[in-house]
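Encoded as structure tokens, the structure appears first; notes follow it.
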Amino acid sequence: MPDAVRRWHDRHRLWAVLAVLAALAIAFGSLTAGDEMPSRMPWDKANHFLGYGGLAGLMGLAGVRPPWAFVAATLYGIVIEYLQIPVPGRSGGDWLDILANGLGAATAALVLLGWRWARRRE
């Protein structure tokens, strides 16, 4: 692995701070009342996939083992979905959103596992 990539990968504290910021951004965006959200958003499920994939990826880069990053990001997504239920203008508890969250987190965990496996073979 090139030294520049290794230096970025080994910055666990940076990735941990970014993971916390990502989790806060997800919570803020998810728990904002529906009438305060933009009227036209790109495909909702892609937002879920990318958001929770990014969260799991950042957690993995922070040092959390990829399977646990997947579990933590997916559980966080489930909690956020159910916290949305009382938020005005939000449906919450949408199983397709939860599926998109989990698929994004799983994809990130698998990419991290593949990357770590490739690093060990060098």
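The table for this structure:
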item: Identity of the residue in the stretch 30-57, of a type in the set (A, V, I, L, M, F, W, C) and not in a helix (DSSP H, G or I), that ends up modelled with the lowest pLDDT; result: 41
item: Exclusive hit being surrounded by 14 or more Cβ atoms within 10 Å (Cβ to Cβ), at pLDDT 95 or above and more than 22 Å from residue 110 (Cβ to Cβ), set 69, 19, 27; result: 27
item: Selection from the stretch 46-74 of residues that are over 12 Å from residue 103 (Cβ atoms), among the small types (Gly, Ala, Ser) and in contact (Cβ under 8 Å) with a residue 24 or more places away in the chain; result: 54, 57, 60, 62, 63, 69
item: Set 57, 63: member being under 20 Å from residue 115 (Cα atoms) and buried (at least 18 other Cβ atoms within 10 Å of the Cβ); result: 57
item: Restricting the stretch 72-122 to residues that are part of a loop (DSSP other than H, G, I, E, B), of a type in the set (D, E, K, R) and surrounded by 13 or more Cβ atoms within 10 Å (Cβ to Cβ), the residue that is modelled with the highest pLDDT; result: 94
item: Condition met for residue 109 (out of contact with any Pro (no Cβ under 8 Å at 6 or more places or on another chain), within 30 Å of residue 12 (Cα to Cα) and not polar (S, T, N, Q)); result: no
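For every residue, the table says whether it meets (1) under 19 Å from residue 33 (Cα atoms); (2) within 18 Å of the chain's Cα centre (by Cα).
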{"site": "78", "(1), (2)": "yes, yes"}
{"site": "82", "(1), (2)": "yes, yes"}
{"site": "87", "(1), (2)": "yes, no"}
{"site": "96", "(1), (2)": "no, yes"}
{"site": "106", "(1), (2)": "no, yes"}
{"site": "110", "(1), (2)": "no, yes"}
{"site": "113", "(1), (2)": "no, yes"}
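The values are calculated or read from the model by the stated rules, or taken from the named source; none is laboratory data. Quick caveat, the model's predicted, so the values are computed rather than measured. Cβ atoms come from the backbone with ideal geometry, glycine included; neighbour counts cover every protein chain shown.
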